[in-house]
1. For the Cα atoms of the chain, what angle does the longest principal axis make with the long axis of helix 244-254, in degrees from 0 to 90, nearest 10?
2. Compute the angle between helix 44-58 and the longest alpha-carbon principal axis of the chain, please, reported from 0 to 90 degrees and rounded to the nearest 10.
3. Determine, from the Cβ-Cβ distance of ASN275 and ARG47 and an R0 of 25 Å, the FRET efficiency 1/(1 + (r/R0)^6), rounded to the nearest 0.05.
4. What does the charge add up to near THR212, with Lys and Arg as +1, Asp and Glu as -1, over the other residues with Cβ less than 11 Å from its Cβ?
5. Would you be so kind as to identify which of GLY411, ALA286, ASN384 lies farthest towards the positive end of the dipole of region 280-472, taking Lys and Arg as +1 and Asp and Glu as -1 on Cβ and the Cα centre as origin?
6. To the nearest 0.05, how large is the calculated FRET efficiency for LYS386 and GLU256 if R₀ is 35 Å and r is the Cβ-Cβ distance?
7. When the Karplus curve 6.51 cos²θ - 1.76 cosθ + 1.60 is applied with θ = phi - 60°, which whole-Hz ³J(HN,Hα) does each residue of region 137-154 get, with x for Gly and Pro?
8. First measure r as the distance between the Cβ atoms of ASP335 and GLN246, then evaluate 1/(1 + (r/R0)^6) with R0 = 56 Å and state the FRET efficiency to the nearest 0.05.
Amino acid sequence: MSDVDVEQDLIDLVTGYSLDPLGYVLFAFRWGQGELAKFSGPDQWQRETLALIGDALMDGKLSVEEAVQVAIASGHGIGKSALVAWIILWAISTYEDTKGVVTANTENQLKTKTWAELAKWHRLCINSHWFELTATALFSKDPKHEKTWRIDQVVWSERNTEAFAGLHNQGKRILLIMDEASAIPDKIWEVSEGAMTDSDTEIIWCAFGNPTRNIGRFRECFGKYKHRWHTRQIDSRSVAITNKAQIQRWLEDYGEDHNFFRVRVRGVFPSASSNALVGPEEVDAAMAREYKPGMFDYAAVILGVDVARSGDDQSVIARRQGQVVFPLRALRIPDVVLVASQVSQEATEHQADACFVDATGGYGVGVIDCMRATNHDAVEVYFNGKATDPRYFNKRSEMYFELAKWIKAGGALPYDPELKEELCASEYGYQGDKFRLVDKDDIKELIGRSPDKADAVALTFAFPAIKRNPLAGAARARKEYDPYARAAK
């Protein structure tokens, strides 16, 4: 048989596994020989995941609405990077002109772990001579297909999402791999999802990672968006190759339910951050609570207004009465006069007894001035100003702690996934002997946007307020504050 015939037979065999990634992996590597002498094949969890992808493809899922989406949360040392490499090699080997992107939480993870593991398995692969592997790409050696048959390594950037937005391959196959996906910002997920709209296209989207965060899109694959994803949580103790002695030491040191053990071994999301103001279960409970209409009519109606500070932010109006926060109003209006008009309208419609507006940085001052010019009372609140309670580092910390206490005492929040994410991202530390909430910019970096909704709700706790006597005129908040105070440095 000539070399040409041998190569053609190899092509026929490999492409025969187009819908069978497990079959390809068992065929393409010399299991039990050479470097793989100690291995008879993939671990059971890896086999099951590969089979899951194959079964989903055989079901004929050919549009973004029914893309094959797999999310794996796992403990350490289970062979995740090897599985990522196998999926990449199967995808590009069995379908001509496959295009894909591989990204990870950090550039270091992508280059030294994900791509390094791909290099190892590419070297061992029976059809490795078909593709060129560089530091940033795996692509066809055929010059006619070099640009169209490739999978690229892409370091994500919220300022440069073109690589994800341009992930199209009409009528062919698309592969998107997110490694250590828990720390990849929501914006990258959203751009990726919006880009993969090609019809009659095989779309495979796999997200892998340790479940380190209780917020973000990776967490939502196992919650809000679970109906779209094939999800699995892999306990390191169930995998043959893991270091069982080390795992036992961790178990003895931390215990089964400690967050370290939950995340690093059990592949389970943390119950809550040790320094989180509120956990996801507490927020879920608050969003599920219902009170009878009119139950808190005796309580003051309080508005909290967070004013947008940049083009990406939004102004938000929160309304609270007693134990209930009503659905929030988000405004993308780059004009303080118009924002003030909307706030004044809300105050009139609901007969607000107090209106607290964030004046930090001067953005809300214009809103306050416009409201006062139309005879609507508004109180400026400086997030970095002095707290009323000396236990807190600043006013923002105090308001959030009051909000957290309110939630735990039975407060009812509107169902709002963005609000939940912002509240769960609000952690605290200590500045000397005072409680200090993490800075707004830190939360924005973590979740990819400003916590405008949570800030607006927190503002309803700025100062105590009493129910207005309709005969007494304009609303007044019972408070101790200096309306002309400037933010603490």
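1. For 244-254 against the chain, the angle is about 10 degrees.
2. Helix 44-58 sits at roughly 90 degrees to that axis.
3. Efficiency for this residue pair is about 0.05.
4. Values: positive: ARG213, ARG219, ARG262, ARG264; negative: GLU180.
That works out to +3.
5. GLY411
6. 0.20
7. Working through the residues one at a time gives 7, 10, 8, 5, 7, 6, x, 6, 10, 4, 8, 10, 10, 7, 10, 10, 8, 10 Hz.
8. Efficiency at R0 = 56 Å is approximately 0.40.
No value in this document is a laboratory result; all are computed from the given coordinates. Every value quoted in this text rests on a predicted model; they were computed, and no experiment measured them. No Cβ is skipped: glycine too gets one built from the backbone with ideal geometry, and neighbour counts run over all protein chains shown.
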